Amino acid sequence: MAYDEDLVERIREVIATTRGVTEKRMFGGLAFLVDGHMTVAAKRGDGLLARCDPHDTDTLVSKSHVTRMVMGGREMDGWLSIDAESVRTKRQLEPWVKRAVVYAGSLPPK
């Protein structure tokens, strides 16, 4: 199952003015990296993977349709899985992408 092309286009619109952005196919989806740091991704199937400050994880997963990303059977602080219905519009998507870009921008370039 491929990723949602419409979601990818909406991510591109939001991230268009951000410097240092690259795109890379990862985990069956399409990831957007800022200065080498994975920032957001259109997940395989549908939905969004978004990076955040690990200290904000508990607060953010209390929102509906948001969970911690699970990798290798382990929940990951600082990585959010956001259901497709929560990012259907640019207005819904934009805060998640901007939060992820700000966090990635706080990290030293790779």
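Here, each number is a calculation from the coordinates, and none is a lab measurement. The shown structure was predicted, so the numbers you read here are calculated from the model rather than taken from an experiment. Quick reminder, even Gly has a Cβ in these numbers, built from the backbone with ideal geometry, and neighbours come from all protein chains shown.
Structure above, values below:
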| quantity | calculated |
| --- | --- |
| Contour excess over end-to-end distance, with Cα ends at residue 5 and residue 83 and 0.36 nm allotted per residue | 26.5 nm |
| Signed unit charges on C-beta, dipole axis of region 5-105, positive-most listed residue 29, 84, 67 | 29 |
| Cα-centred dipole magnitude for the chain, charges only on beta-carbon of K, R (+1) and D, E (-1), debye, nearest 20 | 200 debye |
| Ellipticity estimate at 222 nm from DSSP helix runs (n ≥ 4, -39,500 (n - 2.57)) divided over the chain, nearest 500 | -8500 deg cm²/dmol |
| For region 38-79, Kirkwood radius (reciprocal of mean inverse C-alpha pair distance, Å) | 10.7 Å |
| Options 105, 20, 48, ranked by Cα towards positive dipole end of the chain, top entry (Cβ charges) | 20 |
| Per-selection Rg to Rh, the chain - Cα, Kirkwood hydrodynamic radius | 0.92 |
